[in-house]
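Structure first, commentary second.
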Number of protein chains: 4
Amino acid sequence: MKTLNIGLVGYGFMGRTHSNAFHDAPLFFDLPYRPVLKALCARNADRAKAFAANWGYESVETDWRALVERKDVDVIDIASSNDTHHDIAIAAAKAGKIVMCEKPLGRNAKEAEEMVAAVESAGVANTVWYNYRRVPAVVLLKQLIDEGRLGRIFHYRAKFLQDWTISQDLPQGGEGLWRLDVNIAGSGVTGDLLAHCLDTALWLNGSITDVTAMTETFIKERKHNLTGKVEPVGIDDASAVLGRFSNGSLGTFEATRYARGHKALYTLEINGERASAMWDLHDLHRIQYFDHGDEGRVRGWRNIHVTDGDHPYMDRWWVPGLQIGYEHTFIHQFADFLQALGTGTTISPTFRDALQTDYVTDAILASAKSGRWEHVKTS
Amino acid sequence: MKTLNIGLVGYGFMGRTHSNAFHDAPLFFDLPYRPVLKALCARNADRAKAFAANWGYESVETDWRALVERKDVDVIDIASSNDTHHDIAIAAAKAGKIVMCEKPLGRNAKEAEEMVAAVESAGVANTVWYNYRRVPAVVLLKQLIDEGRLGRIFHYRAKFLQDWTISQDLPQGGEGLWRLDVNIAGSGVTGDLLAHCLDTALWLNGSITDVTAMTETFIKERKHNLTGKVEPVGIDDASAVLGRFSNGSLGTFEATRYARGHKALYTLEINGERASAMWDLHDLHRIQYFDHGDEGRVRGWRNIHVTDGDHPYMDRWWVPGLQIGYEHTFIHQFADFLQALGTGTTISPTFRDALQTDYVTDAILASAKSGRWEHVKTS
Amino acid sequence: MKTLNIGLVGYGFMGRTHSNAFHDAPLFFDLPYRPVLKALCARNADRAKAFAANWGYESVETDWRALVERKDVDVIDIASSNDTHHDIAIAAAKAGKIVMCEKPLGRNAKEAEEMVAAVESAGVANTVWYNYRRVPAVVLLKQLIDEGRLGRIFHYRAKFLQDWTISQDLPQGGEGLWRLDVNIAGSGVTGDLLAHCLDTALWLNGSITDVTAMTETFIKERKHNLTGKVEPVGIDDASAVLGRFSNGSLGTFEATRYARGHKALYTLEINGERASAMWDLHDLHRIQYFDHGDEGRVRGWRNIHVTDGDHPYMDRWWVPGLQIGYEHTFIHQFADFLQALGTGTTISPTFRDALQTDYVTDAILASAKSGRWEHVKTS
Amino acid sequence: MKTLNIGLVGYGFMGRTHSNAFHDAPLFFDLPYRPVLKALCARNADRAKAFAANWGYESVETDWRALVERKDVDVIDIASSNDTHHDIAIAAAKAGKIVMCEKPLGRNAKEAEEMVAAVESAGVANTVWYNYRRVPAVVLLKQLIDEGRLGRIFHYRAKFLQDWTISQDLPQGGEGLWRLDVNIAGSGVTGDLLAHCLDTALWLNGSITDVTAMTETFIKERKHNLTGKVEPVGIDDASAVLGRFSNGSLGTFEATRYARGHKALYTLEINGERASAMWDLHDLHRIQYFDHGDEGRVRGWRNIHVTDGDHPYMDRWWVPGLQIGYEHTFIHQFADFLQALGTGTTISPTFRDALQTDYVTDAILASAKSGRWEHVKTS
């Protein structure tokens, strides 16, 4: 079997989920390539070595430019902070590498456009880790929509609620906290959490044409760990959006890190003429499905435990009733990516797909400033 | 419209639910009789007068024998403590009155047998207030079973869990606490709570032939309010049963007042070859229904909100989505009873139906003593 | 006990809930007045007579002007269609009657302002039937907020989802369907459903200062039952809103009759610094409550079954664990109103309180047209 | 780091879960040994080779006796059918190997006693894969009990409900179906599913002293795949049990493969004087916890999402709100086992612990035959 040599940039939360996917995908899926963990790249050499030792990376780099230039690396996987995506991806594409990139693609659509241009002009395979597209329950929902079971769509609503930044004492920036530093992250919850909601929405329900939005920063100043000073907070703590889809349906979206009691509650619901469906990340192996075609007297929301052999991906795992976890979404995406690579095709979301999400987040942030409806650019 | 003069015995919890049914049934159902609240009977004259004034009873009696002899009373409704059911019901039947009786029918099957004999030899209409047969969701479940949708039945399980007697300080006996006095109540949770589970089970799933059981009294001594002394507790605090139904299915039953966190959690589930269903009293307007005939990929427990116009009784109430409460079950039973009376028929559960429940509870209590399987007598 | 003579206008859905409240409130609450159902007024004499006979109204009027002039009527209760609220309420106030009015107060804020002026200049007691303020679980939530348990509020979100108008075949207007006729109703879901969400929000979370909104009419033309012609639909089928509260929190609101699978799903959630809470109408006897002050390891959303004696209103009903229904909210409001009347005070929501909701709905409808944020007027 | 060479017997469902644990435990836990997948043993050489290739086993054996004799193997892990546990475990112990064994330990207590004797006389480390003891939520529950938070225990109830054998067409025996062949499995659901319920119960709530039980075989004859003939079915399809714990609490247990709609629904509940808790396998990352010490008005079942860093094992995985799956329980058990091995200690359940479960299942099967309460033997 052919090998595929991987160079990973970043050893944080996402570095771990990706590494786990590289390990486990071959154990559960038939793949045309054998992934080889060739190199791990991160600025802190000691931590990088420890991470590499744990996960079995053969070597360590501390400069991504060196990694990109290595001849023995086929894939550059970018799991570092948002401010690094643009330069690494473009350099990797120019070097002819396959590029996988964490979401959001760029800190803004301008960065993302340049990244799309780079991979497309280089003709390299590429994907963005919007992992929730690979939850079995969400894929089942996609199938039901594609089969026309929902009929004309009237409503799409999604929220991503967290509560981990409520404390005034939390610093902005520093190790593990770059998501609070607007210069690194690009935005707050809009790019971090709402982007997930939007990516899934675009996939399930088509394009969003116009939005109006409000954002808020509840805690205006925080100490910055890197500078040691109390500084204005630049990110949005919360973001709420009204939107219109090109299929005529109405969208409502919200993300926040100030919803006390919710840890990572990504929920979505779609209402169609003939059927409706709901999903939430806290019970990710279920969808709620209401089929108006059921006999009236016994009509109700079906609580579908998506763990059977005829459910997406589930024939690769255990037996009915036994659930999988969050990290499996990355395993699925990596397996799909390799299988597509083996046949010369690619999977969604590509860089170009992810650019569209950045267009929507740009329009949202613009509307939050202008107070007006903003039209969403299309690529 | 003909009037039907009612004499109620008892002004406790059940006296209130019955009185409310007498008031509200004519407002929501088309009835062949207009119920008239003729007399309220209870030993404490002052309280009886207050209750009668509140609910509109025209007169008060303090001796049920006087009530039974009144010519202007058509119906004797027994809502007093269990130890009074036998004598009042028999006297009422002998006086030619229609008899409605709270559950359980007798403190034991012997009492109940004599009550059945009395009403049947007098030829008077009679019913026992096993009110959960009139929950719209439970009636829907009965319809589904009768239509054969569940197929061959394998399992029936029911529980009634409460937690209100856990405190050692609670006295046995006295105002509102007669359920803790075995001489008055006949038994503990077996006759009080488990009897509900058994009545519904017999109705939905047919006869129970054999049982084995255990009971327990967790707090062995309590102060008795009437005597002022600490005395052994005679009731069962908890009761658990294995049983076999004549249709070949297995039954498990449990009742307790020591299940911390549960207030009045009566739950039941029935598993058939083709479908299963669940109901619980804490969300009484719903059933969970699983139909194996649904397409595999989208099969799941349907959460049916039994509030539509084509659901049992619900055309009499509000609009879809709006729930009714506990007390409506009594309104339904009273309306059904009057409608049957108008056509010279009767409704279940009759005294004879309720006797069968007493046969099962007798067998359960016998098994708890003998440690053996006991055969259930049939009438 | 003093009597209070009631004249009801309208015999529809709301006429029934009000009549039931008049009947049942005295049975369960200690009231300073005995309500007397003096007269029922509706244009269709036959139906009015049948309704009056069923509910015990002593007389019937077919012209509300005649009802208002009757000397033997103390209270005018308006349960007729929205287009009648304004004229009846003003005439009743001028005649010195106590006025109770179904929601929304006016078809728009201008009507409502005139109604407020009328009752205030006449000095008559008045209230608007925003009944969800009297759900025990919602009142408990209000208590928790007022006690400061939630701390600084970050988010408030509410939705009211239905699905009963999806069919193209449904006519606009005609018996029982006036809610689809914009001339009668004033607006669609904004005034009908969203108004409930807004009323509760204003009560729980204070004033809303600014909104931006979108509305949609999914089915553009329907046959009108009164004219027999296919006509443009004037109401909004769906309405979605972003808003800002004066306490700094963000609000999101949505109402629709096109959410397949939802019958009357009014849900609300409030997120504070220290605690959060959720409620929904389909399980109206529960709130979900998350208290961040709980020990971390065992912190979770508490599913509170609001049926105990120390919960609002529940000491008047049954025993813990036994639920009440939708109609009880009207009983509670009527009982509260009479009790306040007995002490010369009044209850919220008054006409003036309800006017504020009309200011918000006016701003929402204006924003849906202008595409801009609109400032909410205050009275 | 020291290596630990593993020889696995069996490549079925459990062979996969164990192999996955060997792979992933070192990636997420700090372990004193590096597990080496030395050999895979199974009778079918082709399939064994394929399995070994997929999972990285260095070699293949087709006779477990050969595996046991290999000098380069430190651990024998038994994941083959129940009828093989006894002989392999005893031979492995005699050869001085560490022994890990799938549950149930023996097909009956006699086999299990001999296995315990073997490992104890050989002095080799040993454990049985009752994996549900390593669900983070179940471990949290254990902690709460051990801290005395529940107080005196009144009730313990557990069920394991499946529906996969309802079809008459399912053969008994043959590839993947040995659980239906009584000679191989030892019993039906009692040893397969109920054993899980019992193991957890003994761990959480102490010893069970007496039981009464019923079992049933709903489909009496099935075609046997190995013989090709229709033969009587020897296993129990369903099993229901009443039991008494030595702490005075009452136990109810049930297992079945005939509960339509339930895939692998293992549920347990424990009711104490001060608190109660529930868990179920279909939502394995949650417990429901009711603390009577909470203030009355806001008391409710807490839905605890056991995904935080201060929850058992969860500091090794992702971030709060993100769930893990079924297979993680095996990873946890293997990590615990290796860590204990590093310090010369062992973990529960040992063979001796698992023997006690076999004593209970033996008593249950005896009672189902005798119709009497049976005393449970203790080791």
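The values are calculated or read from the model by the stated rules, or taken from the named source; none is laboratory data. Since the model is a prediction, treat every value here as computed from it, not as a measurement. Counting neighbours? That spans all protein chains shown, and the Cβs are built from the backbone with ideal geometry, glycine included. For accessibility, only protein heavy atoms count, side chains too; no ligands or nucleic acids. Shrake-Rupley method; radii C 1.70, N 1.55, O 1.52, S 1.80 Å.
Numbers below:
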| quantity | calculated |
| --- | --- |
| Those residues of the stretch A:225-236 which are crowded, with 19+ Cβ neighbours inside 10 Å and hydrophobic (A, V, I, L, M, F, W, C), in sequence order | A:Val233, A:Ile235 |
| Subset of the stretch A:176-208 [farther than 20 Å from A:His86 by Cβ and of a type in the set (Phe, Trp, Tyr)] | A:Trp203 |
| Residue match in the stretch A:342-350 (condition: part of a helix (DSSP H, G or I) and away from chain D (no Cβ under 14 Å)) | yes |
| C:Thr345 over 16 Å from the mean Cα position of the chain (by Cα), within 19 Å of C:Cys197 (Cα to Cα) and at pLDDT below 95 | no |
| A:Lys94 vs. criteria farther than 20 Å from A:Gly12 by Cβ and among the charged types (D, E, K, R) | yes |
| Among (1) open to solvent by less than 40 Å² (accessible area, probe 1.4 Å); (2) of a type in the set (S, T, N, Q); (3) over 30 Å from C:Gln162 (Cβ atoms) - the single one A:Ser367 does not satisfy | (3) |
| Where a residue in the stretch D:47-60 is hydrophobic (A, V, I, L, M, F, W, C) and its partner, wherever it lies, is in a helix (DSSP H, G or I) and surrounded by 16 or more Cβ atoms within 10 Å (Cβ to Cβ), with Cβ under 6 Å and at least six apart | D:Trp55/D:Ser19; D:Val60/D:Ala48; D:Val60/D:Lys49; D:Val60/D:Ala52 |
| B:Arg134 being among the basic types (Lys, Arg) and either over 22 Å from the mean Cα position of the chain (by Cα) or open to solvent by 50 Å² or more (accessible area, probe 1.4 Å) (or both) | no |
| Close pairs from the stretch C:303-325: first at positive phi, partner open to solvent by 20 Å² or more (accessible area, probe 1.4 Å), Cβ under 6 Å, at least 6 apart | C:Gly321/B:Lys263 |
| One residue from C:Ala195, C:Ala255, C:Ala185 being under 21 Å from the mean Cα position of the chain (by Cα), under 25 Å from A:Ser367 (Cβ atoms) and not acidic (Asp, Glu) | C:Ala255 |
| Unmet requirement for D:Asp336, which otherwise passes all of (1) in contact (Cβ under 8 Å) with a residue 24 or more places away in the chain; (2) part of a loop (DSSP other than H, G, I, E, B); (3) open to solvent by 10 Å² or more (accessible area, probe 1.4 Å); (4) over 17 Å from D:Asp146 (Cα atoms) | (2) |
| Among residues of the stretch B:237-250, those that are open to solvent by less than 30 Å² (accessible area, probe 1.4 Å), more than 7 Å from every other protein chain (Cβ to nearest Cβ) and over 20 Å from B:Glu175 (Cα atoms), counted | 5 |
| Members of the stretch B:140-151 found to be within 11 Å of another protein chain (Cβ to nearest Cβ), touching a Pro at 6+ places or on another chain (Cβ under 9 Å) and open to solvent by 10 Å² or more (accessible area, probe 1.4 Å), listed by number | B:Gln143 |
| Leading residue by the ranking (nearest to D:Gly206 (Cα to Cα)) among those in the stretch D:238-267 that are aliphatic (A, V, I, L, M) and part of a strand (DSSP E or B) | D:Leu250 |
| Flag if A:Ile270 is of a type in the set (Val, Ile, Thr), open to solvent by less than 10 Å² (accessible area, probe 1.4 Å) and not in a strand (DSSP E or B) | no |
| Exclusive hit being in contact (Cβ under 8 Å) with a residue 24 or more places away in the chain, over 17 Å from C:Pro26 (Cβ atoms) and in contact with a Ser or Thr (Cβ under 8 Å, 6 or more places away or on another chain), set B:Arg34, B:Arg65, B:Arg70 | B:Arg34 |
| Residues (over 29 Å from C:Ala213 (Cβ atoms) and either of a type in the set (A, V, I, L, M) or surrounded by fewer than 16 Cβ atoms within 10 Å (Cβ to Cβ) (or both)) located in the stretch A:213-224 | A:Glu221 |
| Output for the stretch D:274-314, where each listed residue is of a type in the set (D, E, K, R), within 14 Å of chain A (Cβ to nearest Cβ) and in a helix (DSSP H, G or I) | D:Asp283 |
| Per-region count, the stretch A:103-130, residues out of contact with any helix residue (DSSP H, G or I) (no Cβ under 8 Å at 6 or more places or on another chain) and either within 15 Å of A:His196 (Cα to Cα) or open to solvent by less than 60 Å² (accessible area, probe 1.4 Å) (or both) | 1 |
| Residue list for the stretch A:273-301, restricted to those being open to solvent by 10 Å² or more (accessible area, probe 1.4 Å) and under 21 Å from C:Phe160 (Cα atoms) | A:Glu273, A:Arg274, A:Met278, A:Asp280, A:Gln288, A:Phe290, A:Asp291, A:His292, A:Arg299, A:Trp301 |
| Yes/no for B:Arg352 being in contact with a helix residue (DSSP H, G or I) (Cβ under 6 Å, 6 or more places away or on another chain) and either of a type in the set (Ser, Thr, Tyr) or surrounded by fewer than 21 Cβ atoms within 10 Å (Cβ to Cβ) (or both) | yes |
| Filtered residue count, the stretch D:251-273, keeping only those that are touching a strand residue (DSSP E or B) at 6+ places or on another chain (Cβ under 6 Å), closer than 23 Å to B:Ser239 by Cβ and more than 13 Å from chain A (Cβ to nearest Cβ) | 11 |
| The stretch A:315-330, residues that are out of contact with any strand residue (DSSP E or B) (no Cβ under 9 Å at 6 or more places or on another chain), open to solvent by 20 Å² or more (accessible area, probe 1.4 Å) and facing another protein chain (nearest Cβ under 7 Å) | A:Trp318, A:Val319 |
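A quick yes/no check of all residues on (1) buried (at least 21 other Cβ atoms within 10 Å of the Cβ); (2) not aliphatic (A, V, I, L, M):
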residue: C:Ile153; (1), (2): yes, no
residue: C:Ile166; (1), (2): yes, no
residue: C:Gly176; (1), (2): no, yes
residue: C:Leu180; (1), (2): yes, no
residue: C:Ile184; (1), (2): no, no
residue: C:Leu193; (1), (2): yes, no
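Matching residues to (1) open to solvent by 10 Å² or more (accessible area, probe 1.4 Å); (2) at pLDDT 95 or above; (3) within 24 Å of the chain's Cα centre (by Cα); (4) among the hydrophobic types (A, V, I, L, M, F, W, C):
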| site | (1), (2), (3), (4) |
| --- | --- |
| A:Cys41 | no, yes, yes, yes |
| A:Asp46 | yes, yes, no, no |
| A:Ala50 | yes, yes, no, yes |
| A:Thr62 | yes, yes, no, no |
| A:Arg65 | yes, yes, no, no |
| A:Ser81 | yes, yes, yes, no |
| A:Thr84 | yes, yes, yes, no |
